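See structure below.
The values are calculated or read from the model by the stated rules, or taken from the named source; none is laboratory data. Small disclaimer: the values here were computed from a predicted structure and weren't measured. Neighbour counts run over all protein chains shown; Cβ positions are idealised from the backbone, glycine included.
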Amino acid sequence: MAHLEFLQSQIEEVDDCIQDLMSQRETFLATIPGISQILAASITAEIGDITRFDSPEKLTAFTGIDPSVYKSSKFTGIRMTMFKRGSPYLRRALWMASASARRFDPELTAFSSVNLQKENIITRPWEQFAAAC
């Protein structure tokens with residue numbers, strides 16, 4: 001039990017350090033409903049220097065959430081999937097952010113549920129994430 005309490009105190013100490021570091025940076029991620037300072041720090045740390053990306057498309061490709069369509073010769077598939085390249089930690093943080101935003105924002109909840117039902121793609125969590133974005 002003492003070991004568990006020690007680990008909990010370590011986690012709290014690291015969380016405090018993250019809070020201090022994030023308060024020194026100019027970031028607006030934590031102002032989005034559902035995104036905590038810790039989640040904003042995760043996203044910021046995984047992306048790094050955002051100015052290294054020339055366009056939003058390059059950042060999207062880096063995160064690995066850009067859609068791909070199966071193509072072969074004359075056949076083009078109708079289902080879109082994600083490439084899943086890049087950082088899995090960043091994809092998870094973005095998925096958590098979108099799930100939280102859908103929970104806290106009624107307009108986003110309504111938008112995503114209508115689109116998910118219309119497209120009938122509720123089967124996979126990463127497709128839910130892609131549809132919510």
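Would you confirm whether any residue within region 59-80 is at pLDDT below 85, assigned to a loop (DSSP other than H, G, I, E, B) and among the polar types (S, T, N, Q)? Looking for residues that are at pLDDT below 85, assigned to a loop (DSSP other than H, G, I, E, B) and among the polar types (S, T, N, Q), one finds at least one in region 59-80, hence yes. Look at region 73-100: where a residue is at negative phi and a partner is modelled with pLDDT of 70 or more and part of a strand (DSSP E or B), sitting 6+ places away or on another chain with Cβ atoms under 9 Å, you get 80/67; 81/67; 82/67; 83/67.
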